[in-house]
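Below you'll find the structure, written out as C-alpha cells, and then a few comments.
The values are calculated or read from the model by the stated rules, or taken from the named source; none is laboratory data. Just so it is clear, the structure is predicted and the values come from calculations on it, not from any experiment. Cβ sites come from the backbone with ideal geometry, for glycine too, and all protein chains shown count toward neighbours.
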Amino acid sequence: MRVIIFSWEFPPRIVGQLADYVKKLTVQLVKNNVETYVVTYHDYLTGQYEEPEGVKTCRVTNPVRTHIGVLTWVLTLNQEVERAATNIYYNTNKKIDLIDAHDWHFIPAAVTLKKAISLPFIYSVESLEEHRSHGANSPFNMAIKSIEWLGMYEAAKVVVKSEWMRDEVVKIYKVPVAKIKVIMPKSTTWMKDILENYKSVMGGEISEWLKN
C-alpha cells in the first residue's frame, strides 16, 4: 500500500496538536509496511527528505509571499501541494492508492487530484470552522466552510476522532452517517481501524493479518 498524507503542519513545524498526531500516524503506517509520503508546508525547509523512521516527506513553500489572510495563503499554496503530490504519483509509476487529507487546508488539492487522476481521498477532520469561529458568517468564514463542505462531499470517507465530532459533521454539513468513520487516537485498535478504512477506500479486502 502507498499513501500520501496532506497536512499543513508536520514536525519541525508545529502549530497545534495536528503535527504530532500526523507524525505518530505516519511512523505507525511505515511500521505496518505502508509506503508513506507526507506533503506539507515549510517556509524554507523545502524539498524531499526521508525521515529516520522511513517516512518520505516533501515540503513546499508558497510561491506568493504577501497575503491578506490565511484563505489566500492556503489557496495559492495548494498549487504547490498539487505539483508535489503529482510528482510522487508519477515517480511511483501511478501506484499511489489514496490521499489522506488532514483538516481543510489542502482539500482543494485533494479534490483536484481526484478529478484529474482519479486518486481517491479521505478527509480526516481535525476541527470545523463553525467551532473555531462560532456563529461567524462573514465572507471569509463562509469561504472556509465551503471548502470544508467540498471536502465532505468529495471524499470517499470522512474520519473523525470522536462520536461528538461525527454528530457535529452530520448536523452542520448533512454528511450521511455511513460515510463517516469514528477512529479514536487513544483506542487500542487505532492503527487497525486506520488501515481498515484505507482498505475500504481502495476497494480491497481486509487481509488476514489485519483481522488478528
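Some observations on this one:
- Residue identified as at pLDDT 95 or above and surrounded by 23 or more Cβ atoms within 10 Å (Cβ to Cβ) among Ile4, Ile88: Ile4
- Cβ-Cβ contacts under 9 Å between residues 6 or more apart (or on different chains), taken from a first residue in the stretch 166-193 that is in a helix (DSSP H, G or I) to a second residue that is of a type in the set (Phe, Trp, Tyr), are listed as Ile172/Trp149; Tyr173/Trp149; Tyr173/Tyr153.
- Candidates Val81, Val74 - the one that is modelled with pLDDT of 95 or more and surrounded by 13 or more Cβ atoms within 10 Å (Cβ to Cβ): Val81
- Count - residues of the stretch 116-144 that are more than 30 Å from Arg2 (Cα to Cα) and either part of a helix (DSSP H, G or I) or in contact with a Leu (Cβ under 7 Å, 6 or more places away or on another chain) (or both): 9
- Subset of the stretch 18-42 that is under 23 Å from Thr61 (Cβ atoms) and not in a helix (DSSP H, G or I) - its residue that is farthest from the chain's Cα centre (by Cα): His42
- Among residues of the stretch 153-168, those that are within 20 Å of Val22 (Cβ to Cβ) and of a type outside the set (S, T, N, Q), counted: 8
- For the stretch 52-60, the condition holds for no residue, the condition being that it is of a type in the set (Asp, Glu), surrounded by fewer than 18 Cβ atoms within 10 Å (Cβ to Cβ), over 18 Å from the mean Cα position of the chain (by Cα) and more than 30 Å from Glu196 (Cβ to Cβ).
- Restricted to the stretch 16-46, and to residues there that are out of contact with any His (no Cβ under 9 Å at 6 or more places or on another chain), hydrophobic (A, V, I, L, M, F, W, C) and at pLDDT 95 or above, the residue that is nearest to Glu80 (Cα to Cα) is Val39.
- Residues of the stretch 96-137 satisfying the condition of being of a type in the set (Lys, Arg), modelled with pLDDT of 95 or more and either out of contact with any Pro (no Cβ under 9 Å at 6 or more places or on another chain) or buried (at least 20 other Cβ atoms within 10 Å of the Cβ) (or both): Lys115
- Condition check for Val159: of a type outside the set (Ser, Thr, Tyr), surrounded by 14 or more Cβ atoms within 10 Å (Cβ to Cβ) and either at pLDDT 95 or above or within 22 Å of Val81 (Cβ to Cβ) (or both): yes
- Residues in the stretch 66-103 that are without any contact (Cβ under 8 Å) to a residue 12 or more places away in the chain, closer than 25 Å to Lys145 by Cα and assigned to a helix (DSSP H, G or I): Val70, Thr72, Trp73.
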